[in-house]
Amino acid sequence: MDSPRTLARLNTIFAGIGYVVVCGIVVGGLLELGARTALHFYHHLRQHPITEAAFDTPAYSEYDWAKDCLDEQSLRLTAKNIYFPFRLWGVTEFHGRCMNNDVTDIGTVRRTLNPSQAACPNGFRTNIWIFGGSAVYGTSVPDWATLPSYLSSTLNTSMDCVRVVNLGVEGYVSNQELILLLELLKTGKRPNIVIFYDGFNDADIGTLSIGRPAPHMGFMTTKGRMEGSLASRLDFVHKLAIWQLVSELSKSTRSGPTRVSQDALDFTATRILDSYQENIQIARMLGNAYGFKVCAFWQPAILYGHKPLVPYEREFSNLSANKAYLFEELVPVYQQASQRAIKSADFVFLGDIFDTVSPPVYLDWVHLNPLGNQLAALAVAKQLHKCLNLNEE
């Protein structure tokens, strides 16, 4: 049997260990709380370049709804992530003064301003589903200022009772959109027209160093968690306020994503466009089977074209070469997309639609203010009529 002296010594040792552990937890909790408070004030005093540029320029700040939209955008991004089978994430219900995600008969979607029931007592004659990423969803702009809302308004001037459904999901690439289309068709829902409005996300994710044309946002994180890598088991550390505060204060941590080498960019662009066009062709096959038309559009971005840039847009254009962003590697993808659109009828290239537009339209590298979305919707509507031969009906 252990002697009383030995037991007393063990009790002292374990009590000491327990004291250290408890003190460590308390100190860690206080540090985390302090870091969260510091982060709040740091972000308030020094906004992210995208938010700062958008909010402090006429492209955005002149609107009385700007602050509400930025606050709601931030609130949605910090909300708990919900897993969606196969697609990984999707749109969840949200209601605010600026942005609303409604639960509808087709699922939870961003609100679009369509004709009222009184204007269309017999229902909608044409149902349009529009797929895309955040540019379709309408990041940081009100419901009425999204591309789908402007598209509905434009089309309803020349057609009767058109309903546009906003199926944009922030961060989506065309692979995820194709899966979403499949899921909706299996529920028995049927559109008359399906629109894909893509390009930037496919080019962005496709040029990452993983060297694949069809991954998604967070690909390496998801891959690591699935495979049980040590790094993935510790990635919760990056969500701690202490880590985030140190990262914000340390310039050395601000490094952009690793892209494929310059020598491999042309080859990578080819693979990205091949994958994108295959997705559009598969969607058209589904359209033939289920009775709907498909039209696809490659979206504009500040990194391509000859738009007369206002000072803050020029700043974003210059930032594309900054190591913290590295969007200049997307240019070869846009160049090849422009060439393919001329040779193929698979999609319409809209990368140069702002070449003669002097007023500001970009909020950052790809997101648009209300004027930009309105002009993009007009371009889509014009090409849509050609795509569907509506002028001959």
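No lab work stands behind these numbers, since they all come straight from the coordinates. Note that the coordinates shown come from a computational prediction; the quantities given were computed from them, not determined experimentally. Note that each Cβ is placed from the backbone with ideal geometry, even for glycine, and that neighbours are counted across all protein chains shown.
Annotation: the residues 5, 76, 314, 111, sorted from fewest to most other C-beta atoms within 10 Å of their own C-beta, follow the order 5, 314, 76, 111. If R0 is 41 Å, the Cβ-Cβ spacing of residue 83 and residue 119 corresponds to a FRET efficiency of close to 0.60. Lysine pairs in the stretch 47-392 whose alpha-carbon atoms fall under 19 angstrom of each other, counting only those eight or more residues apart or on distinct chains, come to 9.
Counting every other Cβ atom within 10 Å of each residue's Cβ, 280, 342, 82 order from fewest to most as 342, 82, 280.
Residue exposure proxy: 220, 285, 99, ordered by other Cβ atoms within 10 angstrom of their Cβ from fewest to most, comes out as 285, 220, 99.
Extents of the stretch 100-206, largest first, come to 45, 31, 25 Å (Cα atoms, principal axes, whole angstrom). Note on residue 93 and residue 25: with the Förster distance fixed at 35 Å, the Cβ-Cβ geometry gives a FRET efficiency of about 0.45.
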